[in-house]
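Take a look at the following structure, please.
The values are calculated or read from the model by the stated rules, or taken from the named source; none is laboratory data. Computed from a predicted structure; not experimentally measured. Counting neighbours? That spans all protein chains shown, and the Cβs are built from the backbone with ideal geometry, glycine included. In case anyone asks, the SASA skips ligands and DNA or RNA and just uses the protein heavy atoms, side chains included. Shrake-Rupley method; radii C 1.70, N 1.55, O 1.52, S 1.80 Å.
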Amino acid sequence: MKLFSLLCIVLGAILVFMFNDQSEYDKYLKIGGFVLLMYGLYQSTQLWVKENPKNDKKDDSKSLEDHLRDE
């Protein structure tokens, strides 16, 4: 899955920056490149979230003043 995300990001960037709007279909390839790039970035952030789980135990008992005093 990491390889697929990287491949989407690289191919999307290539599609976005390779064409210079000389032909009629270049703008559609750029749009497709942006979609592919955004999908790859979405997939990679999903992987990062799964690899680094957030600790749900929060210490809400301390007030802001307590935190500032501790520093």
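Across the range 24-54, what is the total count of residues that are out of contact with any Leu (no Cβ under 9 Å at 6 or more places or on another chain), open to solvent by less than 100 Å² (accessible area, probe 1.4 Å) and of a type in the set (S, T, N, Q)?
3
Find the residue count for the range 10-48, including only residues that are on the phi > 0 side of the Ramachandran plot and in a helix (DSSP H, G or I). Give the steps one after another, and end with the answer.
Kept after step one, since they are on the phi > 0 side of the Ramachandran plot, are these residues of the range 10-48: 21.
Within this subset, residues satisfying the condition of being in a helix (DSSP H, G or I) are none.
So the count comes out to 0.
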